[in-house]
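Trainee: Sharing a structure with you now.
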Amino acid sequence: EPLLLIGRDKEQDTILDKAIQQNNSYFAIQMFIFGCVEAYIYGDYELAVNFVQKRHELGRKITYKRGYYGMTDFFDGLSFLAMAHQSNDHKWILSANKSISNIDH
């Protein structure tokens with residue numbers, strides 16, 4: 001389980017903090033997108049959802065073009081569904097439904 005891939009590497013945290021401080025929001029969003037995918041693949045659903053939430057927070061502050069043809073919404077939805085299954089918390093199901101409905105747009 002590579003530490004760099006699942007967001008537990010200090011160097012990755014430093015790079016992400018630097019990107020945010022230097023107002024390179026695009027780079028930070030990319031790290032959140034792919035961090036979510038990798039965390040999901042390695043089964044760390046809480047970390048995956050954390051990356052999604054951070055990306056959404058940053059996305060409210062800046063305007064960025066959503067891309068990847070639904071991939072981000074797909075993995076957001078998978079992460080939320082996994083958290084719903086893990087925690088039995090209804091809020092994750094609502095978030096999953098929203099992400100899944102965004103795939104069609």
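The values are calculated or read from the model by the stated rules, or taken from the named source; none is laboratory data. The structure presented is a predicted model; accordingly, all values stated were derived computationally and were not measured. Cβ placement follows ideal geometry from the backbone for every residue including glycine, while neighbour counts extend to all protein chains displayed. Accessible surface is based on the protein model in full, side chains and every heavy atom, while ligands, DNA and RNA are left aside. Shrake-Rupley method; radii C 1.70, N 1.55, O 1.52, S 1.80 Å.
Trainee: Taking the residues in region 16-70 that are more than 17 Å from MET83 (Cα to Cα) and of a type in the set (Ser, Thr, Tyr) as candidates, determine which candidate is most open to solvent (accessible area, probe 1.4 Å).
Mentor: Applying the filter and picking the extreme gives TYR69.
Trainee: Here are GLY77, GLY7: which of them is modelled with pLDDT under 75 and either among the aromatic types (Phe, Trp, Tyr) or open to solvent by less than 30 Å² (accessible area, probe 1.4 Å) (or both)?
Mentor: That would be GLY7, the only listed residue that is modelled with pLDDT under 75 and either among the aromatic types (Phe, Trp, Tyr) or open to solvent by less than 30 Å² (accessible area, probe 1.4 Å) (or both).
Trainee: Would you mind stating whether TYR40 is closer than 28 Å to GLU11 by Cα, assigned to a helix (DSSP H, G or I) and free of Cβ contacts under 8 Å to residues at least 60 places away in the same chain?
Mentor: Taking the combined requirement at face value, the residue satisfies it.
Trainee: How do the pairs read when you match residues in region 49-60 that are under 15 Å from GLU38 (Cα atoms) with residues anywhere that are in a helix (DSSP H, G or I) and of a type in the set (Asp, Glu), using Cβ under 7 Å and keeping only pairs 6 or more apart or on different chains?
Mentor: Close Cβ pairs (under 7 Å, with a partner that is in a helix (DSSP H, G or I) and of a type in the set (Asp, Glu)) amount to VAL52/ASP76.
Trainee: While we're on this one: Any idea how many residues of region 83-93 are open to solvent by 100 Å² or more (accessible area, probe 1.4 Å) and in a helix (DSSP H, G or I)?
Mentor: Residues that pass the stated criteria total 4.
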